[in-house]
Amino acid sequence: IEMFSGAALAGVSRIVQVSALGVTESGGDEHPPYITSKREADRALAALPVSHAVVRPSLVYGPGSASASLFATLASLPVISLPGAGTQRVQPIHVYEVAEAIARWIECKESKSGVFELAGPKAVAYRDMLAAYREAMSLGAALWLPLPMVLMHVGAMLAEHLPQRVFSRDTLRLLERGN
């Protein structure tokens, strides 16, 4: 928020904020802190007298990304645990597609300010996404182990104490909401 304010004071005429799909204008305590902080930054940017784009991508993957690495690791296991039945909907988008959308907005002088939600071309179930990773690695059948969501939430809480940022209560809540 301070960076946006400082940029506007310095005369920057266009600003892009990479937010997150799932940010809504309403709500409060029921949203994870990650989403709440994104919403506050989105609102602050919209209030400034600058041309702006708030880009809200779905699950972003690409070379070297923590999420792609995690999903590839999970998919390679002989037993793959699933949150619930693994039917949560995701619509992954490649980081290059996100970058291209941002570059096109910046390059187009007539671009309007606004919120732009970005997602990949196809919504899939979380389990199907992991199965696609597994197939891409030419691995055989796996044993799918659905875990009750209460256990997933306990695991996410414990994982927050490990040196990683991918599996947390926030990411689990976002997965449950559909992304």
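The values are calculated or read from the model by the stated rules, or taken from the named source; none is laboratory data. As the structure is a computational prediction, the values presented were derived from the model and not from experiment. For neighbour counting, all protein chains shown are included, and Cβ atoms are generated from backbone atoms with ideal geometry for every residue, glycine included. Accessible surface areas use protein heavy atoms only, side chains included; no ligands, DNA or RNA. Shrake-Rupley method; radii C 1.70, N 1.55, O 1.52, S 1.80 Å.
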For Ala20, all conditions in the list (1) of a type outside the set (Lys, Arg); (2) open to solvent by less than 50 Å² (accessible area, probe 1.4 Å); (3) not in a loop (DSSP other than H, G, I, E, B) hold save one; what is the number of the exception? (3)
Residue pairs within 7 Å by beta carbon, gap of at least six or interchain, first lying in segment 136-159 and closer than 22 Å to Ala72 by Cβ, second of a type in the set (Lys, Arg), listed first then second, are Ala142/Arg134; Trp144/Arg127; Ala156/Arg169
Please determine, by comparing only the residues of segment 143-179 that are among the charged types (D, E, K, R) and either within 13 Å of the chain's Cα centre (by Cα) or open to solvent by less than 40 Å² (accessible area, probe 1.4 Å) (or both), which one is farthest from Arg56 (Cα to Cα). Arg165
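For every residue, the table says whether it meets (1) among the acidic types (Asp, Glu); (2) in a strand (DSSP E or B); (3) out of contact with any strand residue (DSSP E or B) (no Cβ under 9 Å at 6 or more places or on another chain); (4) open to solvent by 20 Å² or more (accessible area, probe 1.4 Å).
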residue	(1), (2), (3), (4)
Glu40	yes, no, yes, yes
Val55	no, yes, no, no
Pro63	no, no, yes, yes
Thr73	no, no, yes, yes
Gly86	no, no, no, no
Val98	no, no, no, no
